[in-house]
Amino acid sequence: MPTDGSLRQFLDQQMPEALRLLERMVRLNSFTTNRAGVDQLARLTAESFAPLGFVAESVPSRFPEYAPHLVLTRRGRSPHSLALISHLDTVFPPEEEARNHFQWSVEGDRIYGPGTNDIKGGSVMMWLVLAALRQHAPALFEAVTWKLLWNSSEECFSPDFGEVCRARFDAGTLAALVFESEGRLGAEHLMVVARKGRATWRVTAQGRGAHAGSNHAQGANAIVQLGRVVERIASLTDPARELTVNVGSISGGTVLNRVPHEAVAEGELRAFKSEVFVQAKADLLALAGPGDLRAKTDRFPCEIKAEILSESRPWPRNAATNSLFEIWQRAGTEMNYAINAQERGGLSDGNQIWDVVPTLDGLGPWGDNSHCSERSADGSKLPEYVELSGFAPKAELNVRAIVKLLERARIKS
Ligand SMILES: [Zn+2]
């Protein structure tokens, strides 16, 4: 690696072009279910990486409401490959962007706009890193097979993207690098080394309806029963085991002169450790069975049903991720850039692939307020933004670390 500052100088020179690309990406609405918008962004992304020698493949999603995933490949001469991962979609419907006047806007060192931080800034970071590798480590760049994968629907449940990735990994795949935004703690830049798993659930109480005036004792009140169960669900939360069980919504009953026959609660649970996650799901499912609320007349019991609706397994701290993180740490030390590891509560595509190839996340630029579009006059509400000055140094870190990773694999440059 050049130590004369020419790498950083190159990256600084690329910033105007990188920002033009970011602006074009941010101005395209790519809300998960806006198929046409996500498609357009996929085309723009493929076009932008084509000059670096990447060939595009569009992989249909298993879910027809979502646009295809995007895979860009550049074949190398060695049997080794590296996977770089991002996503195309954002959480903002076009109407919400219009209503909140939420659009591309550069203010000082911040760029506000939908997806600036989650994750279009990360996609542009990939472009910067690859452009710099081609310039400063051309032999390594040519030797490796690069596989860039964009999930079309990361913000919704998209388990098929994990299969798309795994089908393209092989014994020569050295690592999967995920370009979600970095964390910050003071001056420390935080890479993501673990993420909680998440399961969504539904618990239904079925009682027996009755006329609330003339036949109240005949009723088995499903809402009252569910209220008792909801307390038990909430008490499954256990900070000592980093387990949260959140009751997210509740509904039940119809009109006020009936004893309600049904009530439904839904929510999610999250944990870092696989065994805690598995146990929490079992505890939730064990709530099923006869309830403790019965009708006065004949002891008719309410019935509890419990279901897991979807799940993304945890990405626990593991040795393969740790060894990747150490490479990034060494690169950071070399350039006097303080980095540390973060275990994050939110999901990413890392959850789907960490046990197949060594995975490191948080390689995108730093920003804040992801998934927020509102702005208040007093500044107490600010929308999503990415930090402008963070791009070039973070790209330098990623380039230096990737070179170390390839050298460790003894790829001939
Ligand atoms: Zn994201």
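The values are calculated or read from the model by the stated rules, or taken from the named source; none is laboratory data. Worth saying up front: this structure is predicted, and the values here are computed from it rather than measured. Heads up, the Cβs are rebuilt from the backbone with ideal geometry, glycines too, and the neighbour counts pull from every protein chain shown. Surface areas here come from the heavy atoms of the whole protein model, side chains and all, with no ligands, DNA or RNA. Shrake-Rupley method; radii C 1.70, N 1.55, O 1.52, S 1.80 Å.
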Fill in the blank from the handout: Which of W354, W104, W150 fluctuates most in a GNM of the chain (C-alpha springs under 10 Å)? That residue is W104
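Can you give the charge dipole size of region 197-312 about its Cα centre, rounded to the nearest 20 debye, using +1 on the beta carbon of Lys and Arg and -1 on the beta carbon of Asp and Glu? Display every interim value, and only then the final one.
Details: 14 positive and 13 negative charges, 57 e Å.
Rounded to the nearest 20 debye, it is 280 debye.
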Handout entry: Average accessible surface area per residue within region 197-312, 1.4 Å rolling probe, Å²
Key = 52 Å²
Practice task
Output ³J(HN,Hα) for region 318-326: one whole-Hz value per residue in order, computed from phi by the Karplus curve 6.51 cos²θ - 1.76 cosθ + 1.60 with θ = phi - 60°, and x for Gly and Pro.
Solution key: 8, 5, 5, 5, 4, 6, 5, 4, 4
Completion exercise
Going residue by residue through region 145-156, the Karplus relation 6.51 cos²θ - 1.76 cosθ + 1.60 with θ = phi - 60° gives ³J(HN,Hα) values, rounded to whole Hz and with x marking Gly or Pro, of 8, 9, 10, 9, 10, 10, 6, 7, 8, 5, 6, 10
Practice task
Enumerate the calculated ³J(HN,Hα) couplings along region 299-313 in order (Karplus 6.51 cos²θ - 1.76 cosθ + 1.60, θ = phi - 60°), each rounded to whole Hz, writing x wherever the residue is Gly or Pro.
Solution key: 6, 4, x, 5, 10, 10, 10, 10, 9, 8, 8, 7, 8, 10, 5
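Relative to the compact-globule scaling 2.2 N^0.38 Å, provide the ratio for the alpha-carbon radius of gyration of region 289-336. Walk me through the numbers on the way to the answer.
Working: Rg = 26.3 Å, N = 48, 2.2 N^0.38 = 9.6 Å.
Relative to the rule-of-thumb radius for its length, region 289-336 sits at 2.74.
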Practice task
Specify the residue with the greatest mean-square fluctuation among E384, E343, E275, computed from a Gaussian network of the chain linking alpha-carbon atoms under 10 Å apart.
Solution key: E275
Exercise for the section: Work out how much length R184 to I250 would gain on full extension: take 0.36 nm times their residue separation and subtract the Cα-Cα distance, in nm to one decimal. Expected result: 20.2 nm
Problem - Per-selection metrics, region 197-312 (Cα): Rg and Dmax in Å - result: 15.6, 52
Practice task
Can you give me the three principal axis dimensions of region 106-260 from its C-alpha atoms, in Å, biggest first?
Solution key: 85, 44, 33
Completion exercise
Distribution output for region 318-413: share of Cα-Cα pairs per 10 Å bin in percent, first bin at 0, values 13, 36, 32, 13, 4, 1
Problem - Amide hydrogen neighbours beyond the local backbone of E180, cut-off 5 Å, H modeled - result: G362, L363, G364
Exercise for the section: Averaging over all projection directions, find the projected area of the Cα convex hull of region 1-112 and quote it in nm² with one decimal place. Expected result: 9.7 nm²
Fill in the blank from the handout: Carbon plus sulfur, as percent of the 1.4 Å-probe accessible area of the chain, comes to 50 percent
Handout entry: Sequence ranges 109-122, 314-327, ranked by mean other-Cβ count within 10 angstrom, highest first
Key = 109-122, 314-327
Exercise for the section: Given a cut-off of 29 Å, name the pairs among K120/K381; K120/K404; K147/K394; K281/K404; K147/K281 whose C-alpha atoms lie farther apart than that in the structure shown. Expected result: K281/K404; K147/K281
Problem - Under 5 Å, built H, 5+ apart or other chain: amide partners of N340 - result: H189, L190, M191
Practice task
Would you grab the residues whose amide H sits under 5 Å from the one on S81? Only those 5+ places off in sequence or on another chain, please, with H modelled 1.01 Å from N.
Solution key: T145, T173, L174
Handout entry: Alpha-carbon Debye profile of the chain, log10 I(q)/I(0) at 0.12, 0.13 Å⁻¹
Key = -0.96, -1.09
